[in-house]
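Below is one structure; the comments refer to it alone.
The values are calculated or read from the model by the stated rules, or taken from the named source; none is laboratory data. In this text the structure is predicted, and so the values were computed from the model without any measurement. Just the protein is used for accessible areas: all its heavy atoms, side chains included, with ligands, DNA and RNA removed. Shrake-Rupley method; radii C 1.70, N 1.55, O 1.52, S 1.80 Å.
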Amino acid sequence: MYRYWNELGTAEIAALMELSSGAVWVNLHRARQTFKRHFTTLTEGSRAHR
């Protein structure tokens, strides 16, 4: 939410969450991977029902 809705940078998010910038980057990366995996699954499922 901080990154995309509030448009905060990694350093700002790190300060708010009391994490290192590296930890924030890793969490964002993992969240993007999870989103992509779920989104792909959903869109492939909808194509099969056409």
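Karplus-based coupling profile of segment 26-43, in residue order and whole Hz: 4, 5, 5, 4, 5, 5, 5, 4, 5, 4, 4, 4, 5, 4, 4, 4, 5, 6, with θ = phi - 60° in 6.51 cos²θ - 1.76 cosθ + 1.60 and x standing for Gly or Pro.
Ranked by solvent-accessible area (1.4 Å probe, protein heavy atoms only, all chains present), the residues Leu16, Leu42 order from largest to smallest as Leu42, Leu16. Between Met1 and Arg47, residue separation times 0.36 nm minus the direct Cα-Cα distance comes to 13.6 nm. Its convex hull of Cα atoms gives the chain a direction-averaged projected area, equal to a quarter of the hull surface, of 3.8 nm².
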